[in-house]
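The values are calculated or read from the model by the stated rules, or taken from the named source; none is laboratory data. Everything quoted here is computed from the prediction, not taken from an experiment. Cβ atoms come from the backbone with ideal geometry, glycine included; neighbour counts cover every protein chain shown. Ligands, DNA and RNA are stripped out before the accessible areas are found, and what is left, the full protein with its side chains, is counted by its heavy atoms. Shrake-Rupley method; radii C 1.70, N 1.55, O 1.52, S 1.80 Å.
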Amino acid sequence: MARVKLENVVKAYGDVEVLHGIDLDINAGEFMVFVGPSGCGKSTLLRLIAGLEDISSGSMTFDGEMVNTLSPSQRGIAMVFQSYALYPHMTVFENMAFGLSLAKAGKDEIDRKVRDAAEILQITPYLERLPKELSGGQRQRVAIGRAITRDPRVFLFDEPLSNLDAALRGQTRIEIANLHSRMAGSTMIYVTHDQVEAMTLADRIVVLRDGRIEQVGTPMELYTQPANVFVAQFIGAPSMNIVPATVTAGEGMSQVAPNGGSGAIPVPLAGGAQDRVSLGVRPEDLTLAAEGEAVFSGPVSHVEQLGEVVLAYLDIGQADTPLIAKLPGTSRIERGQVIHLSADPSASHVFDAKGAAIPRAA
Ligand code: ADP
Ligand code: MG
């Protein structure tokens, strides 16, 4: 296990800069997830840490040792890709042993390490099979097993579950979480575009956008205290509602009124009155209310009954953007019906005109 530290890391391909100065400190033994939309630079950042690509400027250390110019094997990393990248003509055992053979490990050591990894991943019965005789989920476990046998200082995963169907994805996600706790102390860096994987696996999450870090924090920090509108809408599903609003200052408490809404929410904000702000409320923080207590009122334009919950889409007069409320599945909501919603003040967020969160007064 290693502490991985990046300082002002820049990556450019020719004239095109794709990572614009990344500062990041990953603790030894931490499970760190990089999340962000496609093209934001997650894989590039992972490949820089792996040593598969050179950084253009900045510094990178593992446990204080500069690794900028070291090859992947000198860095002691192992990487698992979305495409399993197994050798088709080799058995599972041979695939898992390949790196060890290259490193000239002894036969007994290879045998022990491959069998230990196979046990951890429950693929012992398949050791003599070829990759084509395995399911997608089993193949991905072989690829993970191959990484384990190398005893890496840092495990790197690049969207390892993307090729699996939904059920298998859920199951393999749990296995990866178990793997991290079983391999106590191994540093893992995991790339995904899926915020559910990020939330469920990470000790901490790095949210990336256009080659920059938007926020780093624990899953609950990102959920409860998003630094800006982008993070607020990326974490959580359906996304946080963002509504244009106006803030009026009161005694120790501001009133945040959504434009065109039917009421205001008291929030203790730093700073005084402001217009052109946005109010952010998650669908799960809206509740049905009496008309007089409502912050939002409007006709229901669409209903999605999911059983446990019902998603009500409310037309609040904002162009194409309905307000989404996640209500108990037993709520009787029909399209066309006018409903009234109140918002939990403690779970309400306010963002300035640039999208940055306005902090709460201490
Ligand atoms: P992500 O993994 O988040 O989807 P990538 O790290 O693969 O994103 O890509 C980030 C950006 O870098 C993209 O705009 C992509 O086109 C660009 N990029 C990646 N690899 C190369 C390359 N070898 N040459 C030029 N541009 C690249
Ligand atoms: Mg990628």
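Here are the numbers for this structure:
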{"read-out": "Förster radius 35 Å - calculated FRET efficiency between Asp203 and Leu168, Cβ distance, rounded to 0.05", "value": "0.90"}
{"read-out": "Under 25 Å, Cα to Cα: Lys pairs in the chain, sequence gap 8 or more or different chains", "value": "5"}
{"read-out": "Solvent-accessible area per residue, Å², over the chain with all protein chains present [probe radius 1.4 Å]", "value": "46 Å²"}
{"read-out": "Lys/Arg +1, Asp/Glu -1 at C-beta; the chain dipole; positive extreme among Val196, Gly252, Asn241", "value": "Val196"}
{"read-out": "Percentage relative contact order, region 89-194, counting C-alpha pairs under 8 Å, at least six apart", "value": "30 percent"}
{"read-out": "Label-to-label distance, nm, for residues given as Ser71 and Thr330 (7 Å Cα→Cβ offset)", "value": "6.5 nm"}
{"read-out": "Selection from Val92, Asn68, Val310 lying farthest towards where the dipole of the chain points positive, charges on Cβ", "value": "Val92"}
{"read-out": "Accessible area of region 214-362 belonging to carbon and sulfur atoms, whole % at 1.4 Å probe", "value": "52 percent"}
{"read-out": "For region 1-65: rounded, prolate or oblate by the Cα gyration tensor [a/c cutoff 1.5]", "value": "oblate"}
{"read-out": "On Cα atoms only, tilt of 107-121 relative to the major axis of the chain in degrees", "value": "20 degrees"}
{"read-out": "FRET E, pair Asn27, Arg182, Förster distance 25 Å, beta-carbon r, rounded to 0.05", "value": "0.85"}
{"read-out": "Cut-off 12 Å (backbone N to label point 7 Å along Cα→Cβ of Met90), residues of region 119-135", "value": "131"}
{"read-out": "Computed label-point distance, nm, for sites Ser346 and Glu53 using a 7 Å Cα→Cβ extension", "value": "4.4 nm"}
{"read-out": "Positive-pole candidate from Gly329, Ala362, Val300, dipole of region 285-362, charges at beta carbon", "value": "Ala362"}
{"read-out": "Sulfur and carbon atoms: percent of accessible area, region 20-141 [1.4 Å]", "value": "50 percent"}
{"read-out": "Normalised contact order of region 5-163, rounded percent, pairs of Cα under 8 Å and 6 or more residues apart", "value": "25 percent"}
{"read-out": "Per-peptide average of other Cβ atoms within 10 Å, ordering 262-268, 281-287 highest first", "value": "281-287, 262-268"}
{"read-out": "Asp108-Thr321 FRET efficiency (beta carbon distance; Förster radius 41 Å; 0.05 resolution)", "value": "0.05"}
{"read-out": "Average Cα contact separation per residue, region 270-352, under 8 Å, 6 or more apart, as relative contact order %", "value": "42 percent"}
{"read-out": "Cβ charges +1 (Lys, Arg) and -1 (Asp, Glu), total dipole of the chain, debye", "value": "880 debye"}
{"read-out": "Distance between modelled label sites at Ala356 and Asp116, nm, 7 Å Cα→Cβ extension", "value": "4.9 nm"}
